[in-house]
Each structure stands twice: as structure tokens, then as C-alpha cells.
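Read the structure below first, then the notes.
We did not get these values from a lab; they are worked out from the coordinates using the rules stated. Remember, predicted model here, so these are calculated numbers, not experimental data. Note: ideal-geometry Cβ built from the backbone for every residue, glycine included; neighbour counts use all protein chains shown.
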Amino acid sequence: MSQPAAMRPLDGITVVSLEHAIAAPFCTRQLADLGARVIKVERPGVGDFARGYDERVSGLASHFVWTNRSKESLTLDLKQGPALEVLERLLGKADVLVQNLAPGAAARMGLSFEALHERFPRLVVCDISGYGEGGPFEKKKAYDLLIQSEGGFLSVTGGPGEDEMAKAGCSIADIAAGMYAYTGVLSALMLRERTGKGSRVDVSMLESLVEWMNYPMYYAYNGAPPPPRAGAAHATIYPYGPFPVGDGSSVMLGLQNEREWQAFCEKVLQQPWLSTDERFSANFKRVANRTALRLIIVQAFSQLDFNAVIQRLDDAQIANARVNDMQGVWEHPQLKARDRWRHVASPAGQIPSLLPPASSSAFEPRMDPVPGLGEHTSALLAELEVPAERIEEMRQAGMI
């Protein structure tokens, strides 16, 4: 029997999140995409500090808009007992708790998995941290750039000079941790269906990024030299990277095998004899002689404009791409042709928002508003049967 179109995989699942910055919010936003009700607990008056990173989206922060659509915002000062009591009542109705507070903070509030499992045996608990529980780095502060450095990413990214290392242009350590937290929560929910019991998902940013670094690590296995930093080019495959074109633009191209190398020489460079040149007759030789080969390619491309180079590459079935800036991505014709943009509401009005990359034939992803700080506090407290006069007292005391 086919699934009703209106049904989403996580409809009926409630997620409570003590989250800030990127890793946990990115995890929970994806759970919301699948239909989960995500209740985001924030500090009164301040909220998730990512709200203040910038004002680039009509006064809202770019990071916050990206990772927080389809959520409800509840403000609670968890340093005050009555607010913790509200959280306790909320967890009694929840399926999942996600948190990326400072190391040890959740445990001090009685929110360790062990303590929660006794009270709420079906609750799935996802703890996201920089370095994970235990070990000498357990309490060390961890931000995305620091994990990129600690995890070896900076050592293989950037230009060849000693001072040319470069960070990724987006928060890849946070994104990696958020993705593993997301899939970890999904697997824990599937396991609960079989066992009836909740479990703990423990995700560290370091381990998430190091998983992504396994190729360069194995390349440097047993003390071998690591991949050199090669800018936007590939460190160990050539030609693979950006090349200037005669009209002042650049084209990105990549060759993967000897068949493509022969086609590149014949149809793109129109110098078929190069395919058997001893300097370039295998990938490792092309890598070793990349300076000489680059001069040949740049000289050939200098006689052509961008469209002519792309046409030759397409005719030879050589993978290629434009070097887009952000405006180019906003206007990307493929995203437009596939109808990948929607609009969601926010405190600043309607904002374009990209559909989740994993499209399903069975359901439409949830694409609901980005919440204002504390927007849902009163409604949620009323849902928990907190009397109106008590809500006002908590507001006056700065608890909400």
C-alpha cells in the first residue's frame, strides 16, 4: 500500500533541543524537515547566540536562518528551578533530546543520559560536543575552525606555502557533526521501535571531521608524505582544478582516467601527440610534471573564450564546471529548473529556502517559519498546563 502523501517519516515525533550555533541546530532542522516537532529551548532575552552573528538576511543572521526553520522557540532560564521543572515536563512528552551545551553542563542539570533514562526510558538522548566524553580534551572549548585545525583539515587545504593554509569557507566540522547526529538520532528511533527503549547518541566534532579526513590519512599511512596543499586544484590527480581562459574567466575541469586524458589531448587541447608524451603518460607523471602541463593548458585556453572551452570539454565528455560566486549559486539554472526553492516565513518576512537535498516520492518536506525568540513560549507553557498567572510570574522573574 502506498504511503499517504501528507504523511512524513517523523510526524508525531517530538524533539527538545538545548542548542546553539550550528551542529545541533543543523541536526534538528533536518529532523524537522522530516516532520518532527522541534522545540528549541533558548535563553530569555538573548537566545541562541547564532541569532547575533550578522544581520545579512533582512536583519536576521544568515547561520540562524539556515538552520532553524520549522522550529518552535521556547525561552527558559535553566539556571532557575521552576524553568527546569518546565523542561522536565516537556521531556516527559518528548521522544528525543538533542544538546550541545558546554562540556558537563547538561549533566550538572540532571540531563545526562543515565539520569534521564531512569525517568524517561524511551527518550533518545543525543549529546554533541567538540571532543567527546572522556580523554584529555574532554573539557576543551571547540569551535569549527579549531576542529578543522585539530582534525588535520588545514594541513591539506590551501596553497603550497608555509603560510598559505586555508579554512573551509563554511562550517564543515559543525556540518559533519550535525549530519552524524541527525543519522544517529534516526537510527536510535529505529532501534527503539524494536527494543522499546531509548539510547544515547554521542557525537564529537573531532571524530566527525576525522572520518571525512580518512582519504588523506590513508594517503599518508605509515609515515608516508601527506597530500600537498594544492589550492583549488587536486593534490594527487592532474589536470584537476581551475584554469584561466582567454576572456579573463576561469573554468574548473577534472580528469579521472587515461581514456579521458587521451580525449582531452585530442579534442580539447587539439594536440593529440601529448597523450603519449612520456612526461604525461600516466596520472602520477602528470602530477609530478604539473607545472609544465599547466603552461601547455593555459596557453591553449588563452586563445579561447569561456563558452568555447566548455564546448570542447563537453564534446570530449570531460567533467567541467563554472567557478560560481554566491550570486551565481542563487541564480543557478539547474536549481531553478528542478524547482528547488521555496519561501518560508520569518520575523523579517518571506525568505527563500532550499528544499532538503534528499527528495522523496512519498512526502513533501516540512518548510515552516524561522521562529522569533520565544515566539512559542506562552503557547507551549499553556500546552503543559502551566496556569496563566504562573506564566506571568515566570515572565516577571526573567525565567522565560
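On the principal axes of its Cα set, how long, how wide and how thick is the range 235-385? Give whole Å, largest value first.
So the three principal-axis extents are 80, 30, 29 Å.
For the range 86-174, compute Rh as the Kirkwood radius over C-alpha pairs and then the Stokes-Einstein diffusion coefficient at 25 °C and 0.890 mPa s; write the answer in µm²/s, rounded to an integer. Let's see the in-between values first.
Numbers: Rh = 15.4 Å.
Translational diffusion coefficient: 159 µm²/s.
Report the per residue volume, in Å³, of the convex hull enclosing the C-alpha atoms of the range 127-180. Display every interim value, and only then the final one.
Working: hull volume 4.8 nm³, N = 54.
It is 89 Å³ per residue.
Where does the range 3-64 land on Rg/Rh, using Cα atoms and the Kirkwood Rh?
Values: Rg = 13.7 Å, Rh = 12.9 Å.
Computed over Cα atoms, the ratio is 1.07.
Restricting to Cα pairs below 8 Å that are 6+ residues apart, what does the relative contact order work out to for the range 240-323? Please round to a whole percent.
So the answer I get is 46 percent.
I'd like the orientation of helix 306-315 relative to the chain: the angle between its Cα long axis and the longest Cα principal axis, in ° from 0 to 90, rounded to 10.
Around 80 degrees separate the two axes.
Distance check, please: which entries in 93/336; 93/167; 167/197; 141/336; 71/197 exceed 31 angstrom between their Cα atoms? Please list the in-between numbers first.
Details: 93/336 40 Å; 93/167 41 Å; 167/197 41 Å; 141/336 41 Å; 71/197 26 Å.
From 93/336; 93/167; 167/197; 141/336; 71/197, over 31 Å: 93/336; 93/167; 167/197; 141/336.
Sum -39500 (n - 2.57) across every DSSP H segment of at least 4 residues in the chain, then divide by the residue count to get the 222 nm mean residue ellipticity, nearest 500.
Numbers: 17 runs with 144 residues, N = 400.
Counting only the DSSP helices, I get -10000 deg cm²/dmol.
What number in nm² do you get for the range 1-135 if you take the convex hull of its Cα atoms and divide its surface by four? Kindly include the intermediate steps, with their values, before the conclusion.
Working: hull surface 41.1 nm².
Projected over every direction and averaged, the Cα hull of the range 1-135 covers 10.3 nm².
Using Cβ contacts closer than 10 Å as the measure, can you line up 189, 355 from fewest to most? Let's see the in-between values first.
Values: 189 19, 355 16.
In order of increasing Cβ crowding within 10 Å: 355, 189.
Just tell me which lysines come within less than 19 Å, Cα to Cα, of residue 79; anything on the same chain fewer than 8 places away is out.
Partners found: 40.
Label-point separation (nm) for residue 54 and residue 165, each offset 7 Å from Cα along Cα-to-Cβ?
That separation, rounded to one decimal, is 2.4 nm.
At q = 0.17, 0.19 Å⁻¹, what log₁₀ I(q)/I(0) does the range 139-283 have when each alpha carbon counts as one equal point scatterer in the Debye sum?
So the normalised log intensities work out to -1.05, -1.16.
Given the Cα-Cα distance of residue 358 and residue 395 and 0.36 nm per residue of separation, how much length would full extension add, in nm?
On the way: separation 37, 0.36 × 37 = 13.32 nm, distance 4.10 nm.
Gain on extension, residue 358 to residue 395, equals 9.2 nm.
Using 17 Å as the cut-off for backbone N distance, which residues of the range 277-291 belong to the label zone defined by a point 7 Å from the Cα of residue 257 along Cα→Cβ?
Taking a point 7 Å out along Cα→Cβ of residue 257, the residues of the range 277-291 whose backbone N falls under 17 Å are 282-284.
Which three lengths, in whole Å and largest first, does the range 240-323 cover when its Cα atoms are put on their principal axes?
31, 23, 20
Rank the residues 39, 237 as a footprinting-exposure proxy: fewest other Cβ atoms within 10 Å of their Cβ go first. Write out the running numbers ahead of the final one.
Working: 39 20, 237 17.
In order of increasing Cβ crowding within 10 Å: 237, 39.
Could you put 170, 265 in order, starting from the residue whose Cβ has the fewest other Cβ atoms within 10 Å? Each step should come with its number before you reach the end.
Working: 170 11, 265 20.
Sorted ascending by nearby Cβ count, the order is 170, 265.
Let me know the volume per residue of the alpha-carbon convex hull for the range 162-227, in Å³.
Numbers: hull volume 7.5 nm³, N = 66.
Roughly 113 Å³ of hull volume per residue.
Tilt of helix 172-195 relative to the longest C-alpha principal axis of the chain, in degrees (0 to 90, nearest 10)?
Its long axis makes an angle of about 50 degrees.
Please list the non-local residues whose amide H lies under 5 Å from the amide H of residue 42, H modeled 1.01 Å from N, same-chain partners needing a gap of 5 or more.
74, 75, 76
Nearest 10 degrees, 0 to 90: what angle lies between the long axis of helix 23-33 and the longest principal axis of the chain (Cα atoms)?
Roughly 80 degrees, rounded to the nearest 10.
For the range 265-280, just list the computed ³J(HN,Hα) in residue order, Karplus coefficients 6.51, -1.76 and 1.60, θ = phi - 60°, integers in Hz, with x standing in for Gly and Pro.
After applying 6.51 cos²θ - 1.76 cosθ + 1.60, I find 5, 6, 9, 9, 6, 6, 9, x, 5, 5, 5, 10, 4, 4, 5, 10 Hz.
In 20 Å bins starting at 0, how do the alpha-carbon pair distances of the chain split up by percent?
Final binned percentages: 22, 47, 25, 5, 0.
For residue 376, which sequence-distant residues (separation of 5 or more, or a different chain) have an amide H within less than 5 Å of its own amide H, given hydrogens modelled in the peptide plane?
HN-HN under 5 Å from residue 376: 73.
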